[in-house]
Amino acid sequence: MSEFEFQRFIAIGQYLPTESPVHRLDPRTRLIGALLILIAVTAAPNLLGLGVALVGIVGITALARVPLGYALRGLLPPLPFIIFLAVLQSLLGPAGDDMVPIFAWGPFHLSVTSLLNGAAILLRFPALILTITAFSAATSTTAIVRGLDALLRPLASLGLPAQDLVLMVQVALRFLPLLAREAERIAKSQASRGAEWGTGRGKLLRRVRQALPILIPLFLVSLQRAENLALAMEARGYRSQGRRSSIITLRFRLADGLALTACLLLATLVLLM
């Protein structure tokens with residue numbers, strides 16, 4: 001039944017209460033630190049910077065006491081897509097005017113520059129996924145909402161719907177595990193009715209063809225859940241206008257300053273490598 005266990009591959013959005021030093025930081029510190037690293041990884045110009053980013057992210061994951069195997073498990077679902085993008089970048093990407101192609105056939109060409117670009121994709125996407133996984137494992141949904149609400153509170157004074165944005169983030173984080181659970185239920189229902197599932201191990205096209213019939217029921221179930229959530233919020237009188245109070249007061253301490261400084265140094269090092 002392991003082929004039906006979709007939720008075990010969804011590491012993003014799963015909170016692990018390991019009570020690490022990262023867990024004890026202010027939610028605003030974790031949000032800003034993760035954002036700095038994500039921006040640096042996205043804009044990293046070369047492989048050396050991406051390698052430094054990966055080392056730093058693995059260190060942060062270890063400091064948060066998140067098992068590395070658990071964090072790497074989240075790379076399995078998008079791994080074929082990442083490899084496909086890397087191959088396309090290597091074969092169809094710019095070869096460089098001053099570079100002699102190693103291999104050329106029609107529109108396909110392979111050079112040192114295109115290989116480096118493909119290798120950058122193989123490092124960049126895992127670094128982004130590991131950063132989000134470590135952040136979500138060290139920050140509960142409630143803490144994310146509190147941190148976002150505190151950071152976006154100045155925008156509310158300008159008339160921007162900051163609380164609506166926070167609510168959308170909270171609902172999206174809640175829906176990720178639910179979607180995986182619904183996909184498991186739909187796959188089991190289709191298999192019990194005679195649909196082929198789990199056969200042809202290693203056949204990527206077969207697995208894609210098996211996953212396609214899940215998309216429409218999953219989309220319909222998601223719409224139904226969203227409608228039920230909207231009706232429940234309306235029935236309970238939810239309104240985004242007005243200042244919302246909180247029983248917990250966020251405090252910025254020395255450890256938060258040190259953590260932000262470390263994230264800023266790591267981001268700067270990645271960009272300047």
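The values are calculated or read from the model by the stated rules, or taken from the named source; none is laboratory data. Predicted model, so just to flag it, every value in this text is computed and none were measured. Note: ideal-geometry Cβ built from the backbone for every residue, glycine included; neighbour counts use all protein chains shown.
Taken over the stretch 203-216, residues that are surrounded by 14 or more Cβ atoms within 10 Å (Cβ to Cβ) and either touching a helix residue (DSSP H, G or I) at 6+ places or on another chain (Cβ under 6 Å) or at pLDDT 75 or above (or both) amount to 1.
Inspect all residues belonging to the stretch 149-161 and state whether any of them is in contact with a Ser or Thr (Cβ under 7 Å, 6 or more places away or on another chain), of a type outside the set (Phe, Trp, Tyr) and modelled with pLDDT under 75. Spell out how you get there, then give the answer.
Within the stretch 149-161, the first condition is being in contact with a Ser or Thr (Cβ under 7 Å, 6 or more places away or on another chain), and the residues that meet it are 161.
Applying the additional criterion that residues be of a type outside the set (Phe, Trp, Tyr) yields 161.
Among the residues that remain, those that are also modelled with pLDDT under 75 are: 161.
Yes; the residues of the stretch 149-161 include at least one that is in contact with a Ser or Thr (Cβ under 7 Å, 6 or more places away or on another chain), of a type outside the set (Phe, Trp, Tyr) and modelled with pLDDT under 75.
I'm trying to understand the selection: among the residues of the stretch 19-44, which are surrounded by 16 or more Cβ atoms within 10 Å (Cβ to Cβ), among the hydroxyl-bearing types (Ser, Thr, Tyr) and within 15 Å of Leu266 (Cβ to Cβ)?
The one that is surrounded by 16 or more Cβ atoms within 10 Å (Cβ to Cβ), among the hydroxyl-bearing types (Ser, Thr, Tyr) and within 15 Å of Leu266 (Cβ to Cβ): Thr29.
Being at pLDDT below 85 and either under 30 Å from Pro154 (Cβ atoms) or in a helix (DSSP H, G or I) (or both) narrows it down to one residue among Val100, Val87; which is it? Break it down into steps so the answer makes sense when it comes.
Working: Val100 fails: either under 30 Å from Pro154 (Cβ atoms) or in a helix (DSSP H, G or I) (or both).
Being at pLDDT below 85 and either under 30 Å from Pro154 (Cβ atoms) or in a helix (DSSP H, G or I) (or both) holds for just one of Val100, Val87, which is Val87.
Could you tell me whether Ala191 is more than 29 Å from Ile144 (Cβ to Cβ), assigned to a helix (DSSP H, G or I) and either within 26 Å of the chain's Cα centre (by Cα) or at pLDDT below 75 (or both)? Spelling it out, Ala191 is indeed more than 29 Å from Ile144 (Cβ to Cβ), assigned to a helix (DSSP H, G or I) and either within 26 Å of the chain's Cα centre (by Cα) or at pLDDT below 75 (or both).
Suppose the filter is farther than 30 Å from Leu68 by Cβ and either modelled with pLDDT of 75 or more or surrounded by fewer than 17 Cβ atoms within 10 Å (Cβ to Cβ) (or both); does Phe219 pass it? Spell out how you get there, then give the answer.
On the way: farther than 30 Å from Leu68 by Cβ: yes; either modelled with pLDDT of 75 or more or surrounded by fewer than 17 Cβ atoms within 10 Å (Cβ to Cβ) (or both): yes.
When the stated conditions are applied, Phe219 passes them.
The residues on offer are Leu16, Leu54, Leu47, and the sole one that is modelled with pLDDT of 90 or more and either surrounded by 14 or more Cβ atoms within 10 Å (Cβ to Cβ) or closer than 24 Å to Ile121 by Cα (or both) is Leu54. For the stretch 112-143, taking the residues that are assigned to a helix (DSSP H, G or I), out of contact with any Leu (no Cβ under 7 Å at 6 or more places or on another chain) and of a type in the set (Val, Ile, Thr), the one that is farthest from Arg30 (Cα to Cα) is identified as Val112. Within the stretch 60-83, which residues are surrounded by 13 or more Cβ atoms within 10 Å (Cβ to Cβ), part of a helix (DSSP H, G or I) and of a type outside the set (Lys, Arg)? Ile60, Thr61, Ala62, Leu63, Tyr70, Ala71, Leu72, Leu79, Ile82, Ile83 - these are the residues of the stretch 60-83 that are surrounded by 13 or more Cβ atoms within 10 Å (Cβ to Cβ), part of a helix (DSSP H, G or I) and of a type outside the set (Lys, Arg). Selection of first residues in the stretch 152-170 that are of a type in the set (Asp, Glu) and of second residues that are in a loop (DSSP other than H, G, I, E, B), restricted to Cβ pairs under 9 Å at least 6 apart or on distinct chains, gives the following pairs, ordered by first then second residue: Asp164/Ser240.
Quick check on Leu178: is it closer than 18 Å to Ala226 by Cβ and surrounded by 16 or more Cβ atoms within 10 Å (Cβ to Cβ)? Talk me through it step by step, then tell me what you get.
Numbers: closer than 18 Å to Ala226 by Cβ: yes; surrounded by 16 or more Cβ atoms within 10 Å (Cβ to Cβ): no.
No, not satisfied.
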